[in-house]
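Inspection log for the structure reproduced underneath, given as structure tokens.
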């Protein structure tokens, strides 16, 4: 948690300057790596269908998973048959592996488990994205477009559209690259992506170029659900029982969730939020993590965390799903970009007989 606090405050914490040599090593290696892909010395795989990458240039939660879900729902509404690939961060494998709503978050990772439950589309996980795509297309040859949840820096995979997600609250922190700051790539990388989407209002300076606008989206709470019941589209909203509650979050930006909970409960006079507890992003929750709370205290959590807590959750634990809401103009621009990329794929198939 020290890193998050240090990276997202103004200026560079004096203790971080000790890591300056590692910073230059990281910058050098990442720059050389991308250059090797660009000149063809490292192989790049191009899928037979358009690939949309949703990622970020900074460490920590930005709202990437809700954006991926929103894209999937929009693609379905356009009559397309999308699928998702993901690294499966935090999952134990084996990889590559298909993910369904009944998959274990321990095996496939919390975010893929959440996306499988919410979208009900084909999904495969694996660090090797080419293998994940091959598995998907073998099992689901009707897939017409693939969305990569994360993978902006996975240059071994060619992509047709890049969507970068930015946290409006925290922006780009102190503006430095790892480990002095939260950036995986320099801010100049934003000049070469297709869309920059911003989670909520900005309390930090907009650092993108004038040629690349930010498209704002908002996360809309979709009502409380019980952790120990079915997740995804089958989950029914419920009313919180009166009493005392604690909020926990094992995500990149826990404070955003705590603020949302506070706003949601503001008018609830029979419910008291006693405390909040932040865990590391992708924390592997177990029953022991909740021993600190009174057994009668209810627990409120994110949907991503609920995927790991479902096996041992009592009735008075709840999670709050959220959905990303974009303006109509964004979808119009996205449709134009995707149509162009689809035509290029169709032309390549007709030329090479693929």
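The values are calculated or read from the model by the stated rules, or taken from the named source; none is laboratory data. Note that the structure is predicted; figures quoted are calculated from it, not measured. Using ideal geometry, Cβ is built from the backbone for each residue, glycine included, and neighbour counts are taken over all protein chains shown.
Do the conditions hold for residue 293, that is, is it touching a strand residue (DSSP E or B) at 6+ places or on another chain (Cβ under 6 Å) and assigned to a loop (DSSP other than H, G, I, E, B)? Lay out the reasoning, then the answer.
Numbers: touching a strand residue (DSSP E or B) at 6+ places or on another chain (Cβ under 6 Å): yes; assigned to a loop (DSSP other than H, G, I, E, B): yes.
Yes.
Check off (1) surrounded by fewer than 19 Cβ atoms within 10 Å (Cβ to Cβ); (2) closer than 30 Å to residue 246 by Cα; (3) touching a strand residue (DSSP E or B) at 6+ places or on another chain (Cβ under 6 Å) for residue 318 and give me the number that stays unchecked.
Among (1) surrounded by fewer than 19 Cβ atoms within 10 Å (Cβ to Cβ); (2) closer than 30 Å to residue 246 by Cα; (3) touching a strand residue (DSSP E or B) at 6+ places or on another chain (Cβ under 6 Å), the lone unmet condition for residue 318 is (1).
How many residues are free of Cβ contacts under 8 Å to residues at least 60 places away in the same chain and under 30 Å from residue 193 (Cβ atoms) if we restrict to segment 297-310?
Summing the residues that are free of Cβ contacts under 8 Å to residues at least 60 places away in the same chain and under 30 Å from residue 193 (Cβ atoms) in segment 297-310 gives 1.
Looking at 49, 53, which is the one that is buried (at least 19 other Cβ atoms within 10 Å of the Cβ) and within 18 Å of the chain's Cα centre (by Cα)?
Numbers: 49 fails: within 18 Å of the chain's Cα centre (by Cα).
Testing whether each residue is buried (at least 19 other Cβ atoms within 10 Å of the Cβ) and within 18 Å of the chain's Cα centre (by Cα) leaves just 53.
Yes/no per residue for (1) without any contact (Cβ under 8 Å) to a residue 60 or more places away in the chain; (2) under 19 Å from the mean Cα position of the chain (by Cα); (3) farther than 30 Å from residue 195 by Cβ:
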position: 266; (1), (2), (3): yes, no, yes
position: 279; (1), (2), (3): yes, yes, yes
position: 291; (1), (2), (3): yes, no, yes
position: 295; (1), (2), (3): yes, no, yes
position: 312; (1), (2), (3): yes, no, yes
position: 318; (1), (2), (3): no, no, yes
position: 332; (1), (2), (3): yes, no, no
position: 345; (1), (2), (3): no, no, no
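Quick one: in segment 212-234, which of the residues that are crowded, with 18+ Cβ neighbours inside 10 Å and at pLDDT below 90 is farthest from residue 328 (Cα to Cα)?
Going through the qualifying residues, I end up with 231.
Report, by residue number, each residue of segment 132-152 that is closer than 21 Å to residue 334 by Cα and not in a strand (DSSP E or B).
143, 144, 150, 151, 152
Tell me the helices (runs of 4 or more DSSP H) entirely within segment 4-114 that contain at least 1 residues that are closer than 20 Å to residue 324 by Cβ. Steps first, answer last, please.
Numbers: elements: 20-38, 64-77, 105-108.
Filter on segment 4-114 gives 64-77.
Only one of (1) out of contact with any strand residue (DSSP E or B) (no Cβ under 6 Å at 6 or more places or on another chain); (2) within 19 Å of residue 315 (Cα to Cα); (3) crowded, with 17+ Cβ neighbours inside 10 Å fails for residue 246. Which number is that?
Checking residue 246 against (1) out of contact with any strand residue (DSSP E or B) (no Cβ under 6 Å at 6 or more places or on another chain); (2) within 19 Å of residue 315 (Cα to Cα); (3) crowded, with 17+ Cβ neighbours inside 10 Å, the one that fails is (1).
Select, from 105, 101, 83, the only residue that is modelled with pLDDT under 95, buried (at least 23 other Cβ atoms within 10 Å of the Cβ) and in the same structural domain as residue 340 (by TED's automatic domain parsing).
Just a single option satisfies the conditions, and that option is 105.
Any residue at all in segment 335-344 that's within 26 Å of residue 218 (Cβ to Cβ) and in contact with a strand residue (DSSP E or B) (Cβ under 7 Å, 6 or more places away or on another chain)?
yes
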